[in-house]
1. For residue A:279, indicate whether it is more than 14 Å from every other protein chain (Cβ to nearest Cβ), assigned to a loop (DSSP other than H, G, I, E, B) and either in contact with a Ser or Thr (Cβ under 8 Å, 6 or more places away or on another chain) or surrounded by fewer than 18 Cβ atoms within 10 Å (Cβ to Cβ) (or both).
2. May I ask you to verify whether residue A:297 is open to solvent by 20 Å² or more (accessible area, probe 1.4 Å), at pLDDT below 95 and more than 20 Å from residue A:143 (Cβ to Cβ)?
3. Would it be correct to say that residue A:246 is within 11 Å of another protein chain (Cβ to nearest Cβ), modelled with pLDDT of 95 or more and surrounded by fewer than 18 Cβ atoms within 10 Å (Cβ to Cβ)?
4. Give just the number: which of (1) part of a helix (DSSP H, G or I); (2) touching a residue at least 12 places away in the same chain (Cβ under 8 Å); (3) open to solvent by 20 Å² or more (accessible area, probe 1.4 Å) does residue A:22 not satisfy?
5. Would you check which residues across segment A:303-318 are closer than 27 Å to residue B:99 by Cα and surrounded by fewer than 21 Cβ atoms within 10 Å (Cβ to Cβ) and list them?
6. Hey, can you tell me all the residues within segment A:25-44 that are open to solvent by 20 Å² or more (accessible area, probe 1.4 Å), assigned to a loop (DSSP other than H, G, I, E, B) and out of contact with any Asp or Glu (no Cβ under 6 Å at 6 or more places or on another chain)?
7. Name the residues in segment B:212-239 that are surrounded by fewer than 21 Cβ atoms within 10 Å (Cβ to Cβ) and in contact with a helix residue (DSSP H, G or I) (Cβ under 8 Å, 6 or more places away or on another chain), would you?
8. Within segment A:306-332, can you find the residues that are outside any helix (DSSP H, G or I) and aliphatic (A, V, I, L, M)?
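The values are calculated or read from the model by the stated rules, or taken from the named source; none is laboratory data. Computed from a predicted structure; not experimentally measured. Reconstructed Cβ throughout: ideal geometry from the backbone, glycine too, with neighbour counts over all protein chains shown. All accessible areas refer to the heavy atoms of the entire protein, side chains included, with ligands and DNA or RNA removed. Shrake-Rupley method; radii C 1.70, N 1.55, O 1.52, S 1.80 Å.
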Amino acid sequence: MIRALQNGQDYDSVALDDQVKTAVADVVRQQADAGVDIPSDGEQGKTGFLLYGNERLSGFEQVAIQLGDNPRVIRRDQAAFADFYEEYFKTEGDGGPRWQPVCTSPIAYTGQAIIQSDIDHFKAALQGVSVEEAFLPAIAPGTFGRGQNQYYPDEEAFLFAIADALKVEYKAIVDAGFVLQIDDPGLPDTWDMLNPAPSLPDYQKYAAVRIDALNHALEGLPQEQIRYHICWGSWHGPHSTDIPLKDVVDLVLRVRAGGYSIEAANPRHEHEWKLWREVKLPDDKVLIPGVIAHTTNHIEHPELVADRIMNYAGIVGKENVIAGTDCGFSQRALNPRLHPSIVWAKLQALSEGAKLASKQLW
Amino acid sequence: MKRSTDRILTTHTGSLPRPMDLAGMLEALDSGGPLDQDALKTRVRESVAEVVKLQVESGIDVVSDGEQGKVGYSTYVRHRLTGFEGEGSMVVLSDWNDFPEASARRPLPSTVSRPACDGPIEWKDKGALQTDFDNFNAALSGAGPGLGSGAGPGSGAGPGSGAGPGSGAGPGSGATEAFMTAASPGVVAHFMINRYYPSREAYLARLADVMKEEYDAIHQAGFLLQVDCPDLAMGRHLRFPDLSTQEFLKVAEANIEVLNHADIPADRIRLHLCWGNYEGPHHRDIAKLPDDKVIIPGVVDSTTNYIEHPRLIAQRIVKYAELVGKENVIAGSDCGFGTFARTSNTVEPEVTWAKLRAMADGAAIASEQLCG
């Protein structure tokens, strides 16, 4: 059904809504069973963390693209590892076309009914489980809007139009009492997609407009109810051209959020925990480092999870650390990164590791 | 064995990717398909020269022949020894079996054959060993100063003595030492089960006697011997999932006992241990490491195409150095990058070389921190 939804084919919307409701109830229960304190709805009704915006924003036309055709999807490390990518692209994707939204008319939020249904399903699922808090993710303007503008006079106007539209969704999530998670992988990961390669100052300027647009959308919403997630793209490649966290951390900290969720448990970014010795996390903020990865079937040992947590707690203080994941486990509904059974074992390891760390810290 | 006296040395586990055409020839050798033996010999010699050169260029200090001529790090012995013609049995991936649905997504295992032992084990092709030595020596003599044959004693330049003669080759200027891998009796028994000898003990004892000749020959040829013993760790969940831990430790002890009867000085042997070179859940991995003199922790992973950041590698090295002393740490890889010759590698060859370069960079960063 999600495939039909994604490809603009006919589907039974009542049946889909019903299945989503059941699926959300299941993943919430499973998160609680695995010991996750702050669960999400698992984005069960969404085609993808980014793609879902297509169903909720007007002003865009969908153009089918093939993986590899879209210049924005070309990563700079593809030049250095051409043989690898040739093999990798055979396994990547769901076989179907992917869609690129192109903006050709004014942007507005049209997803009021869908977000209400997300909220209702999540609330229903949370009945009867015991958790500390609950969050719903939503896409950042800067990650949704990348190079598709054919209507607004400039990129800034385009981004602020997306921000105005998404604000409706952000506000709905916060008003429903949930923590709002802004997903913004585009902040670091557009770096090695741009052609020609930008200088660092130019890229920081490119990103700063996107942070401004996001802050515009977040204006008036309570910071303590907002967390901001970044990662460097969830594909399983060398990642050798990822921009270092130190080059974007100032931008990250400019986001009007109470918490920052940052990929930190894979071979390319695990070392960056030490950066927090040099960069001060503002007093009222929480850090949510990834301590388990979506990039490997290896299940992290709880002691490794605990070690990673301890590294952060030692720098920013234990009250300011929440153990998180590097990224989602199924960024697109049709192309999960790991098999569900392994995901649940990893989340179990996450909560066991957090218990071990808590024992040492308290 | 060279130690990290002046800086953190780098090495890896032994196997490195083979060129596609060579992997194809080795698969033909293994399956008994049509094969031009002379072409194979030539290609192996060329590939050993190539991988030695690439290791030196990547900044690897303690290099191997990349096992270019071997079909797999353990089952290659069946091409040199008699007695392995029986019907084999696959290992049980007990960790994957805990995730039956997910296991449908796991990559196909190597098709390298794993026959059982069904007759007396004797040497049938000692020439294969000499060929290994000749190929490796030829490659080393073309790969930079300091090596050619048995890197003599004369390391020992104490800290502070500055530019010691002989050793002290800076990163990238050439290999510091050369090692050659050989299968432990235990890992041979792990992959190729016994259907001939009256007991597991008798089978291991015979394997130990025969393999001793290979170990001694490698030592006498002047190479550092690496004995591959993943059986001590991965044997737990892949071959003996049903034993209690106590019972498994008995099996492992028997495997170690037969190993110890090679009479080669301990500082000319290193032992490699791992939990199975595959990207599975691994939640059943047993954790018990035998003591060793120099620890060669894996600081790059052979199951993922993510390239470790040099700073992460440095952090990993420093962690071990703080626990056991920097002289006792050599940076290594988790496992081989071509454990079985196959035409499709878990980690692409070009990514493998980038990982080894990252390891050399990471070791340099760690050395700066540790050795000032």
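1. So residue A:279 fits the description; yes.
2. yes
3. Working: within 11 Å of another protein chain (Cβ to nearest Cβ): yes; modelled with pLDDT of 95 or more: yes; surrounded by fewer than 18 Cβ atoms within 10 Å (Cβ to Cβ): yes.
For residue A:246, the condition - within 11 Å of another protein chain (Cβ to nearest Cβ), modelled with pLDDT of 95 or more and surrounded by fewer than 18 Cβ atoms within 10 Å (Cβ to Cβ) - is met.
4. (2)
5. Within segment A:303-318, A:303, A:304, A:307 meet the criteria.
6. Correct list: A:35, A:36, A:42, A:43, A:44.
7. B:217, B:219, B:221
8. Passing the criteria: A:321, A:322, A:323.
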